[in-house]
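Asker: The structure's right below; bear with me while I get my questions together.
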Amino acid sequence: MISVGFIIEVVLLAIALAMDCFTVSITCGLQKCMCKKRSLLLAFCFGIFHVLMPTLGTLLGEGFHYFMENFDHWIAFVLLTIIGIKMIMEGRQFKLKEKIFDISSIKVILTLALATSMDAFVIGIGFPLKYTFLQILISLAIIFIALFTISLIGVRMGEKVRFIKQRF
């Protein structure tokens, strides 16, 4: 059943999934080579990968539904803990460079989309445990729309910051 609570839950999930894409999009918008076509491609790739990864997770989760039902929360806890520790370790090693990556390369865009969508895979594993098939499809549509929109907003914010920085 599609309820207001379900929609709110999925929108909040989509916003949470979009935060890393938002940050990367701002960084991409700071680069001079970012154009409207490339920003649309970036947002589209982020959206598509955030639909593909939970779909793969859902297929895996569906196959192991009965096996994982008793301890799925522990699997999610361990995976999210590993991701969190990895992010903290990477954050401590980060050094600001003039140009972090070349956004004009499709390979870089796809790599960014894949890297930012790994958490969506973990989320997808739990989808069949909680949602019906129709709810999963609606969730994926909402996730795509949110990721696409938030990524575009991030790119535009980065462009605005670059423009302001160039003026001063």
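Asker: Using a 1.4 Å probe on the protein heavy atoms only, what accessible surface does Arg38 show? Give it in Å² to the nearest 10.
Answerer: 60 Å²
Asker: Moving on. Quick one: which of Lys37/Lys165; Lys86/Lys160; Lys36/Lys165; Lys32/Lys86; Lys37/Lys86 span more than 26 angstrom between C-alpha atoms?
Answerer: Lys86/Lys160; Lys32/Lys86; Lys37/Lys86
The values are calculated or read from the model by the stated rules, or taken from the named source; none is laboratory data. Quick caveat: nothing in here was measured; it's all calculated off a predicted structure. Ligands, DNA and RNA are excluded from the accessible area calculation, which covers all protein heavy atoms including side chains. Shrake-Rupley method; radii C 1.70, N 1.55, O 1.52, S 1.80 Å.
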